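Here's the structure, in structure tokens; my notes come after.
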Amino acid sequence: MATDNFILTETAILNGGRMDESGKRSITKRFIYKIVDNSDAKRKRAILDLETLVPSKGSCMSDDLRYILKTAEWNCLDWQKEADRFYIDASYQRVSDDEEADKPWHLSPFNISFDTVEEAIGFSMAYDRNNEKGSPDNVKNVPVVNSAGDPLDANTNEIFSQFSFSYYLENFDSADVFEFQNAVNASPQTLFGHSFPIGTLLIASISAEGLVTYEDDGHTIKWKYTQVNLTIRYNPNGWGRFLLDVGNRAKFGTSTKSELIYQYYAPIYDGSTVTFDEVPTLTNAQGYYTANREYREWLAENEDASDCPAQLPYEYAENIPLASDGTIDLDALFGVTPYPEIEYQEYRIKSWSALDIPSTVKRRWR
């Protein structure tokens with residue numbers, strides 16, 4: 001090992017906890033090492049080998065785990081006079097006031113920040129203008145449809161609360177970074193003293209880094225642990241996507257397969273004249289074929305019928321509301337009931353127990 005060529009001779013505090021430019025307390029600790037083999041070759045290489053003694057960035061200070069390493073510098077004290085003495089200046093920043101913790105993974109979360117994030121979300125239901133119609137606040141009860149009552153493809157820029165923080169775990173499987181990305185909480189979760197219901201929290205970002213805190217000798221491991229960094233978004237309405245259950249295909253009769261919806265105006269026969277119903281008939285291809293055959297037979301029997309098309313004109317019906325069994329929802333189509341919705345989970349619902357997130361955070365932190 002490169003570190004075998006160094007002996008720790010002295011430690012000193014250069015900065016004993018003053019405020020830095022960001023308003024956080026910091027400590028600069030100097031480690032002075034003496035090189036064992038002071039031959040020209042070893043001495044020239046020593047400055048490179050010295051880097052192997054630098055503590056891991058983000059690791060806790062061995063004698064005060066409330067401080068974590070931010071930066072480090074290393075060099076020779078005096079190349080001219082003391083070419084066998086080298087130093088490391090490690091700058092630690094205070095991230096916690098938790099005096100009760102005796103190991104890094106017992107510390108409360110740190111590097112805490114709160115902000116908001118804006119995102120374009122598709123929506124199919126909206127609020128009425130004044131939360132009227134007996135609807136409580138925060139309940140969407142108006143279908144997003146055009147003036148003709150047909151569904152619209154719509155998006156809105158929604159603003160969500162977002163908070164980021166870091167904490168330490170004694171044991172962490174690196175595969176969990178992939179497992180928990182875009183995961184929604186499957187059970188109530190308590191964070192920062194607040195309780196959040198099932199399905200309202202989304203892990204927007206997760207990363208992890210393995211850390212080691214050595215004793216001052218730079219060799220002996222004191223703690224081995226993982227720093228987990230999380231960014232979580234909160235949506236009080238949950239992260240499910242609600243889409244209108246509409247389409248141009250439906251199930252008819254006893255069929256288990258969906259078929260195209262034909263829309264035509266049914267003929268009304270009266271002797272040698274025919275009128276057409278004002279309400280369109282919605283049927284499958286077979287239903288239209290049967291109606292059209294009957295119409296053409298009538299037309300052939302009434303040669304004096306005027307102003308009648310040679311066959312029943314039809315269209316493929318679009319955005320027709322569907323019942324839960326896949327049939328046409330006539331009540332919704334004629335405005336008796338609201339357009340039906342289906343909830344889809346865009347994100348995985350997963351237990352967060354393996355993350356072992358601390359449920360409380362002390363109010364005082366640096």
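The values are calculated or read from the model by the stated rules, or taken from the named source; none is laboratory data. Keep in mind that this is a model prediction, so the values were computed, not measured. Virtual Cβ from ideal backbone geometry, glycine too; neighbours counted across all protein chains shown.
Some observations on this one:
- For the range 4-22, filtering for residues that are modelled with pLDDT under 75 and over 16 Å from A90 (Cβ atoms) leaves 3.
- Pair list, Cβ < 6 Å and 6+ apart or interchain, from the range 295-306 residues that are within 9 Å of S272 (Cα to Cα) to residues that are of a type in the set (G, A, S): N302/S272; D304/S272; A305/S272
- Listed by position, the strands (runs of 3 or more DSSP E) inside the range 230-277 whose residues that are basic (K, R) number at least 1 are 240-244.
- Total residues in the range 325-339, condition in contact (Cβ under 8 Å) with a residue 24 or more places away in the chain, outside any strand (DSSP E or B) and out of contact with any Pro (no Cβ under 6 Å at 6 or more places or on another chain): 4
- When residues of the range 162-196 are limited to those that are free of Cβ contacts under 8 Å to residues at least 24 places away in the same chain and in contact with a strand residue (DSSP E or B) (Cβ under 8 Å, 6 or more places away or on another chain), the one surrounded by the most Cβ atoms within 10 Å (Cβ to Cβ): P188
Results for (1) more than 30 Å from V184 (Cβ to Cβ); (2) at pLDDT 95 or above, shown as yes or no for each residue.
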site: L260; (1), (2): yes, yes
site: Y264; (1), (2): yes, yes
site: P267; (1), (2): yes, no
site: V274; (1), (2): yes, no
site: E301; (1), (2): yes, no
site: I342; (1), (2): no, no
site: R366; (1), (2): yes, no
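- Condition check for A72: free of Cβ contacts under 8 Å to residues at least 24 places away in the same chain and of a type in the set (A, V, I, L, M): yes
- The range 234-260, subset small (G, A, S) and over 14 Å from A323 (Cα atoms), residue surrounded by the fewest Cβ atoms within 10 Å (Cβ to Cβ): S255
- Evaluated against (1) within 15 Å of the chain's Cα centre (by Cα); (2) aliphatic (A, V, I, L, M); (3) surrounded by 17 or more Cβ atoms within 10 Å (Cβ to Cβ), A208 falls short on exactly one condition, (1).
- For the range 5-50, the set of residues classified as without any contact (Cβ under 8 Å) to a residue 40 or more places away in the chain, within 30 Å of N111 (Cβ to Cβ) and basic (K, R) consists of R18 only.
- Residues in the range 62-115 that are aliphatic (A, V, I, L, M), within 30 Å of Q162 (Cα to Cα) and buried (at least 19 other Cβ atoms within 10 Å of the Cβ): L65, I68, L69, V95, L107.
- Selection count where residues are more than 23 Å from S26 (Cβ to Cβ) and either in contact with a Pro (Cβ under 9 Å, 6 or more places away or on another chain) or of a type in the set (F, W, Y) (or both), scope the range 106-118: 1
- Residue under evaluation K57, criteria (1) out of contact with any Leu (no Cβ under 6 Å at 6 or more places or on another chain); (2) free of Cβ contacts under 8 Å to residues at least 60 places away in the same chain; (3) not hydrophobic (A, V, I, L, M, F, W, C), criterion not met: (1)
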